[in-house]
Every structure is written in C-alpha cells, then in structure tokens.
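The values are calculated or read from the model by the stated rules, or taken from the named source; none is laboratory data. Note that this is a predicted model, so its numbers are computed, not measured. Quick reminder, even Gly has a Cβ in these numbers, built from the backbone with ideal geometry, and neighbours come from all protein chains shown. Remember, those area values only see protein heavy atoms, side chains included, never the ligands or the DNA or RNA. Shrake-Rupley method; radii C 1.70, N 1.55, O 1.52, S 1.80 Å.
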Amino acid sequence: EDKVVQSPLSLVVHEGDTVTLNCSYEVTNFRSLLWYKQEKKAPTFLFMLTSSGIEKKSGRLSSILDKKELFSILNITATQTGDSAIYLCAGTGTASKLTFGTGTRLQVTL
Amino acid sequence: DVKVTQSSRYLVKRTGEKVFLECVQDMDHENMFWYRQDPGLGLRLIYFSYDVKMKEKGDIPEGYSVSREKKERFSLILESASTNQTSMYLCASSTPGTLETQYFGPGTRLLVL
C-alpha cells in the first residue's frame, strides 16, 4: 500500500523565520511528488518534482526531491503571515492516483 | 483559467438520506477524483474516473458510489448517509499523461446528523 508521511504535523514560527517541511514516501511505480498549499478551502498547486536533486523555486518557496532516500523537502524563507496554511505532499504512481500525507499545519505569527 | 466547481459549499443531511455531491470541471480533463479530508487523516481517495462511464475504487469506497455520464461532471453519491460520513469532500481533475497535476474544487463540507 502506498504511503506518504509528513513531518512535523504542525509548526508555529515567527514572521521572518525559515521553515523546512518534510515528506517521505513509499509509492509503487513512483512518478512524481507534488506539494500543495491549503488555506481555507481547495488545495492549490505549488510544485511537481520528478527528478532527484533539481530544485524547484517560486519566490520564497523552494522544493527538492531525493529519489534515492525517498523524500522531499519544502523550504519557505522569510515567512509571512500569509504563509499560514496546511501544506500537503502527495506522491503519484500508477494510474494517476495521488497518495496524500496528512499535511503539515504551519502558523506564522507576528 | 482552470476551474473545478462543486455544487454546494455546505450541506446538512440526516442519517439515512441519499446525498448527491456534484463536481464540474471546464478543462476537458479525462481524470476526475473524489476525496474526503478529515483532521489527522489527510486526503483519502474515495473513487476516481478515467473517462466517461468509467470508475475505479480508491482507498475508502465503502458507503459511496459515483457516476460519470458526461466528461465534465463527476457525481459522488452517499446511498444512505451516516454520521461517520461527516467530512470535507474535495473533487479534483487532471489530464492523464506523464506529468499530470490535479486541480481541486473548493470543497463541500457535509454534516450528517
């Protein structure tokens, strides 16, 4: 059975801090790993990673995949209160299915 | 712009009622998915569909059925709602291929009394 585990489950930081969110996966016929940000409603897509060692970057957010060790990290630098959300990690394998982790709840305080 | 819509944002139903949750996407995506999201459990896949009239069970299909009569529409049916089906339901769609990304609707928060 496919499995995705995220850590920590929740995190409280001060504005301006840098955070690292972790995601490990066991997905049969692994194809890609996706990160989503979920605020009050629908998850919104952040990154898709398919190759090891290649960093994807979008503003203050970046992510990298290690296919040998089966994990990914999501970094957020200079955090802002608007970064407060649940961050979801998901792996795709066979049949276009996504297996999600439970998410990391990030709260950024002033 | 990518758009996935769900028929209701909030629903309150009674135990034993039949419940229909509708999802529509305007991106001509072949794949559509229904998830439920519960605290501490993340998103869990209920059913998905590759094409019209095709469906596959996800990880937790018990108590649910689905219907895909048109490409743009994917319905989730709770034949006889139970209190343990109180949850947030999220629909998503994607295009099949090597590098597909799922796009999510806004979610329906269902309360079964």
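Residue check: is B:LEU113 among the hydrophobic types (A, V, I, L, M, F, W, C), open to solvent by 50 Å² or more (accessible area, probe 1.4 Å) and within 14 Å of chain A (Cβ to nearest Cβ)? Give the steps one after another, and end with the answer.
Numbers: among the hydrophobic types (A, V, I, L, M, F, W, C): yes; open to solvent by 50 Å² or more (accessible area, probe 1.4 Å): yes; within 14 Å of chain A (Cβ to nearest Cβ): no.
Considered against the rule, which asks whether it is among the hydrophobic types (A, V, I, L, M, F, W, C), open to solvent by 50 Å² or more (accessible area, probe 1.4 Å) and within 14 Å of chain A (Cβ to nearest Cβ), B:LEU113 comes out as no.
Can you say whether B:SER94 is surrounded by 13 or more Cβ atoms within 10 Å (Cβ to Cβ) and closer than 26 Å to B:LEU111 by Cα, as far as the supplied structure shows?
Details: surrounded by 13 or more Cβ atoms within 10 Å (Cβ to Cβ): yes; closer than 26 Å to B:LEU111 by Cα: no.
In short, no.
Conditions tested, residue by residue: (1) within 20 Å of A:SER58 (Cα to Cα); (2) in a strand (DSSP E or B); (3) open to solvent by 10 Å² or more (accessible area, probe 1.4 Å); (4) not hydroxyl-bearing (Ser, Thr, Tyr).
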position	(1), (2), (3), (4)
A:LEU74	yes, yes, no, yes
A:TYR87	yes, yes, no, no
A:ALA90	yes, yes, no, yes
A:THR102	no, no, yes, no
A:LEU106	yes, yes, no, yes
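Being within 25 Å of B:VAL4 (Cα to Cα) and surrounded by fewer than 14 Cβ atoms within 10 Å (Cβ to Cβ) is the filter here; which residues of region A:1-58 pass it?
Across region A:1-58, the qualifying residues are A:GLU39, A:LYS40, A:THR44, A:SER58.
Quick one: which residue in B:ARG73, B:ARG44, B:ARG9 is of a type outside the set (Phe, Trp, Tyr), open to solvent by 20 Å² or more (accessible area, probe 1.4 Å), within 9 Å of chain A (Cβ to nearest Cβ) and in contact with an Asp or Glu (Cβ under 8 Å, 6 or more places away or on another chain)? Before the answer, list the steps.
Working: B:ARG73 fails: within 9 Å of chain A (Cβ to nearest Cβ); B:ARG9 fails: in contact with an Asp or Glu (Cβ under 8 Å, 6 or more places away or on another chain).
None of the other options fit; the residue is B:ARG44.
Restrict the check to region B:32-49 and report whether at least one residue is touching a Pro at 6+ places or on another chain (Cβ under 6 Å) and farther than 30 Å from A:LEU9 by Cβ.
Taking every residue of region B:32-49 in turn, none turns out to be touching a Pro at 6+ places or on another chain (Cβ under 6 Å) and farther than 30 Å from A:LEU9 by Cβ.
Just one of (1) within 12 Å of chain B (Cβ to nearest Cβ); (2) closer than 30 Å to B:ARG109 by Cβ trips up A:LEU21, so point out which.
(1)
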